[in-house]
Amino acid sequence: MITVGEKAPWDDGDDDRGESAQDIGNHRRFIAELAKLVDAWFGELVLLNVEEIEEGSFLSIVPTRENSATVWVVAAEWIDLQIGHSNCRFTFRYTDNNIGVVHEILRGVAAGEATEIRGPGRSLVTVKVEGNTVKTYPGTERVLLAMLPFPGWQSWGTRTTFPAYKT
């Protein structure tokens with residue numbers, strides 16, 4: 001099910017990037033098309049919400065299965081993809097290849113191939129996609145940007161492997 005809102009709650013309307021109306025329209029079309037694809041792929045396994053933001057659109061993909069990974073996709077100047085509880089963001093330019101990678105990552109998350117590791121001030125998301133390729137993205141907590149990571153945090157950090165959307 002897709003719900004459509006008017007404005008994301010964090011959008012303060014302050015857009016200093018100066019994107020054209022055509023770019024913003026393209027970003028919104030990308031999210032609308034992605035929402036239709038995700039709905040076709042996963043149907044009743046997810047709840048979808050599309051929100052318009054000043055410079056594009058935002059899609060939240062919330063699985064109905066408990067403990068599966070929620071995914072947020074923001075289409076603005078870049079395509080930002082956030083998975084699970086971390087602040088890790090995969091960031092992509094608008095190219096056909098990158099849009100294909102976004103699709104692969106979404107299917108990998110839905111298949112239960114996403115893992116998140118959290119340590120003090122750090123996090124790491126890994127998603128296995130088609131062909132057993134692994135996509136990884138590290139993140140840092142905002143307040144601890146200057147903090148160096150503790151040695152070995154990826155081996156002793158809290159590891160979560162998200163279950164597949166379908167039981």
Karplus-derived 3J(HN,Hα) from phi for segment 39-46 (6.51 cos²θ - 1.76 cosθ + 1.60, θ = phi - 60°), whole Hz, x at Gly and Pro, runs 4, 5, 5, 10, x, 6, 7, 9
Computed over segment 30-103, the relative contact order (Cα-Cα under 8 Å, seq sep at least six) in percent reads 19 percent
Nearest-0.05 FRET efficiency for Gln22 and Arg93 at R0 = 25 Å, using Cβ-Cβ distance, is 0.90
If the chain between His103 and Thr70 were fully extended at 0.36 nm per residue, the gain over the current Cα-Cα distance would be 10.4 nm
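Coordinate-derived values only; no laboratory data. As the structure is a computational prediction, the values presented were derived from the model and not from experiment. Please note: Cβ atoms are built from the backbone with ideal geometry, for glycine as well, and neighbour counts cover all protein chains shown.
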